[in-house]
Amino acid sequence: MSSAQEVFVLALASVAPEVDVALIPVDADLRRAADLDSLDVLSLAEELTALTGGAVTDDQVSRLVTRADWEAFAESSMTASAGRTSPA
Amino acid sequence: MPSLGADMERGTLLEWLVHPGDTVHRGDVVAVVDTDKAAVEVEVFEDGVVQELLVGPGTQVAVGVPLARLGPAGATAPEVPEILGAREVPAIIELPEATTQPAVPAVRSPLVRHLVAELAPDEVAALPAGVVHRQDVEQARARRKAPEPPVGEPSSRRTRVSPYARRRAAELGVDLASVTTGPGPVRGAAVEAAAARGASEAPRPQEPPVSPPGRSDDDRQLALRRAIGALMSRSKHEVPHYYLAQDVDAGRAVRWLLDRNAGRPPGEQVLFAALLAAATARAVEGVAGINGTWEDDRFVPAADVRLAVPVRLRGGGLLTPVLPDAAELPVPEVMRWLRDVVRRARGGRLRAAELTGGTLTLTDLGDQGADLVHGVVYVPQVALVGAGRVRERPWAVDGMLAVRPALTLTLAGDHRASDGHDGSRYLDALDQLLQTPERWADT
């Protein structure tokens, strides 16, 4: 199972392949740091939910600002998804 | 060599996807061309049989120069050698981790290879043994039922590689197995990103590149700036511009979007950019001199709105795809188009016909942009609509001061086709549409 950070890197690479995530401080505004427009942000959310199996609403997306926010979202999505798929 | 904009004087043929003797149908992608802005797929506009390829890969030719000769459907190609530089390459790249992928089909025609590359792995597996023909691929597509393979199964996902991505991988020495990408085929941009990251440690393939290496990033940037500069200079020289601006309360539009997007997954959400594009197209109704082109010293009004929307390419570059019948489409359809063209523009998969014939341009700086656009008309069009960022501003409402999301819309117009009164009416109509999205946006 990939870590949330790895999943985030994979998702961002599909949207902004030229961006080196390692150069983005965790507390940086991801939109500005990675030069993402609204469509990029939507695509990033879509890719992350596809990779993690989680779900996200527009309200949640609007609250994802920093790189740390996005990685935390990936983490929670993976956890939630694992919870849904694990045997009772 | 097709013209992909008023600023394009020449292009470089990167790759042929057909051979002499291949039967092609209207809309088939037959070649990949490198412009000053980006790599673009070129489709054919008639049914027929490829008689002769006149230009080899790596050759730069002026706009209007024939690239190939097409004969009528049913004709046979003359016995001519294939053009120098065209080489056979496998349709599907065999990747090391794909232990269960189907056998590589035998495909003679690059066009068929191109079509095969668009198939899902299970569809490829269902192709008949032996040489695969176009009708086999079309039958496989017709049987298509399942959506994209689930994300998270990279071994199946990565077996699909676009021709441009394949070429870039060969040029850059990138191991395609190391390329990370989203759902769908591996695209050129993902390969270039992998190269930039040094993601591949694989040795350079021994096969030479399918076509000569492209220009360096610096050269491309220089060519791009020159092309844009030439076009803007021409516009400033030829077009007697006038400029208008109108501040618009975006509160109702934003509320409509929030209500519509509530609870929907990202893939079904609609952005303000789509609403604005649809409104920009619809606002031309009843306003003269805004939607059309200046040709032969006169204004030619357009029968429908072909909305040109510049798309910034990541890593440099700019393409301006055109949305046909933009005034007829509901906003969700416009959103689907935006998603599709931005994805394909950035993946080097936009087609030539999608870049021509615009009758009105919308430059939307988006939510990270500046407040005001002083646009330059994209000749031969006669008007350009500019949209700054939506941000909260103090706003007077019924004698009270409120804080509203607002933006400034601008119009750069051609005085030969319209005047300030027409332009003002246009911006007012656009404003009114943004105040009432519930009345029209879903129809």
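The values are calculated or read from the model by the stated rules, or taken from the named source; none is laboratory data. On a predicted model such as this, the values are computed, not experimentally measured, just so you know. Note that we place each Cβ from the backbone using ideal geometry, even for glycine, and neighbour counts take in every protein chain shown. These area figures cover heavy atoms from the full protein model, side chains too; ligands, DNA and RNA do not enter into them. Shrake-Rupley method; radii C 1.70, N 1.55, O 1.52, S 1.80 Å.
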**OP:** Would you mind checking the radius of gyration and Dmax of chain A based on alpha-carbon positions, in Å?
**Re:** 12.5, 43
Original post:
Normalised by the residues of segment B:331-443, what does the relative contact order come to in percent, with Cα pairs under 8 Å and at least six apart?
Top reply: 20 percent
Original post:
Taking 0.36 nm per intervening residue step and subtracting the Cα-Cα distance, what contour gain separates B:Glu9 from B:Arg234 on full extension?
Top reply: 79.7 nm
Subject >> A:Glu6/A:Ala33 FRET efficiency (R0 25 Å; Cβ-Cβ; nearest 0.05) >> reply: 0.85
Original post:
What FRET efficiency comes out for the pair B:Arg425/B:Arg393, r = Cβ-Cβ distance, R0 = 25 Å, nearest 0.05?
Top reply: 0.55
Subject >> Buried accessible area, chains B and A (both chains, 1.4 Å probe, Å² to nearest 100) >> reply: 2200 Å²
Subject >> Gained length - B:Arg141 relative to B:Gln221, 0.36 nm times residue gap less alpha-carbon distance >> reply: 24.9 nm
**OP:** Work out, step by step, the length gained on full extension between B:Arg439 and B:Glu285: first 0.36 nm times the residue separation, then minus their alpha carbon distance; give nm to one decimal.
**Re:** 53.8 nm
**OP:** Please give the direction-averaged projected area of the C-alpha convex hull for segment B:335-443, in square nanometres with one decimal.
**Re:** 9.3 nm²
